[in-house]
1. Counting only helical runs of four or more DSSP H residues, what would the 222 nm mean residue ellipticity of the chain come to if each run contributes -39,500 (n - 2.57) and the total is spread over all its residues?
2. What FRET efficiency do you get for ALA151 and ARG56 if R0 is 41 Å and r is their Cβ-Cβ distance, rounded to the nearest 0.05?
3. Using the number of other C-beta atoms within 10 angstrom as an exposure proxy, rank GLU189, GLU170 with the fewest first.
4. Taking amide H positions as placed 1.01 Å from N in the peptide plane, with prolines and chain starts having none, which residues 5 or more places from VAL43, or on another chain, fall under 5 Å of its amide H?
5. Considering only DSSP beta bridges where both residues belong to the chain, give the percentage that are antiparallel (nearest 5).
6. Normalised by the number of residues in the chain, what is the relative contact order in percent for Cα pairs under 8 Å and 6+ residues apart?
7. For segment 148-164, take each phi angle, set θ = phi - 60°, evaluate the Karplus expression 6.51 cos²θ - 1.76 cosθ + 1.60, and give the result in whole Hz per residue in order, putting x for glycine and proline.
8. Which order results if ILE52, ILE193, ILE77 are arranged by neighbouring Cβ count within 10 Å, fewest first?
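Read-outs throughout are calculated quantities, based only on the coordinates presented, and are distinct from any laboratory measurement. Small disclaimer: the values here were computed from a predicted structure and weren't measured. Here Cβ is always computed from backbone atoms with ideal geometry, including for glycine, and neighbour counts include all displayed protein chains.
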Amino acid sequence: MTHKIICYGDSNTYGACGFVGGRHAADSRWTGILHDSGLYEVVNLGENGREIPSDRWEFNELADFLRQEPDFDLLTIMLGTNDLLTMVRSGSAKVAVRMEQFLTELLNTQPNLCRTEQILLIAPPSTALGKMAPSSAALDEACRELGDYYADIAGKLHIHFANASVWPVELGPDGVHMTVTGHQIFAEEMKKILADIF
């Protein structure tokens, strides 16, 4: 029996290569690795530059897709990195507020589309921007802090949670996007999380 998983995220779900440009091959992305395991049917909804939805049209776009996939077993949501990059002075606390508002709206206004046991909130891998510019080290720390904030949100909303900010994921030279090896490591960590859910 396979489980259908919808993966909603940004460029690290999409599989962007970072400075090199383009996209990792389907079988090299963490979503593709999970799909090829034969245990999961994975739908990749990653999009470059995506932030946590805060506009009605963004929310409706996801809701419309979920209506087209009524038989899915799990919706993974991994967002927050781009929010931190654009809200650097606000920090992780404000990004977490945005995530909680988004998830609360999804659960409260669309109970027929998505139940708490069908959501896995993933704190994104920590960035490594400080290696390139020491002044950016605060961003790396804010990204790591998201893990604690997201854990609190998951507990409050009774949804599943994974903290990828503590996983030993390899990043490319831009300090944001996962390498092929990074995707492999991420996929192996996800397999552990999914084994506990299903």
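1. Values: 7 runs with 88 residues, N = 198.
Roughly -14000 deg cm²/dmol at 222 nm, from the helical runs in the chain.
2. 0.90
3. On the way: GLU189 20, GLU170 15.
Lowest count first: GLU170, GLU189.
4. Residues meeting the criterion, in which the H sits 1.01 Å from N, are ILE5, ILE6, CYS7.
5. Values: 2 of 21 bridges.
Taking every DSSP beta bridge with both residues in the chain, the antiparallel ones total about 10 percent.
6. 23
7. Per residue, the Karplus-derived 3J(HN,Hα) values read 5, 5, 5, 4, 5, 4, 4, x, 5, 8, 6, 10, 6, 9, 9, 10, 6 Hz.
8. Details: ILE52 20, ILE193 17, ILE77 24.
The fewest-first ordering by Cβ neighbours comes to ILE193, ILE52, ILE77.
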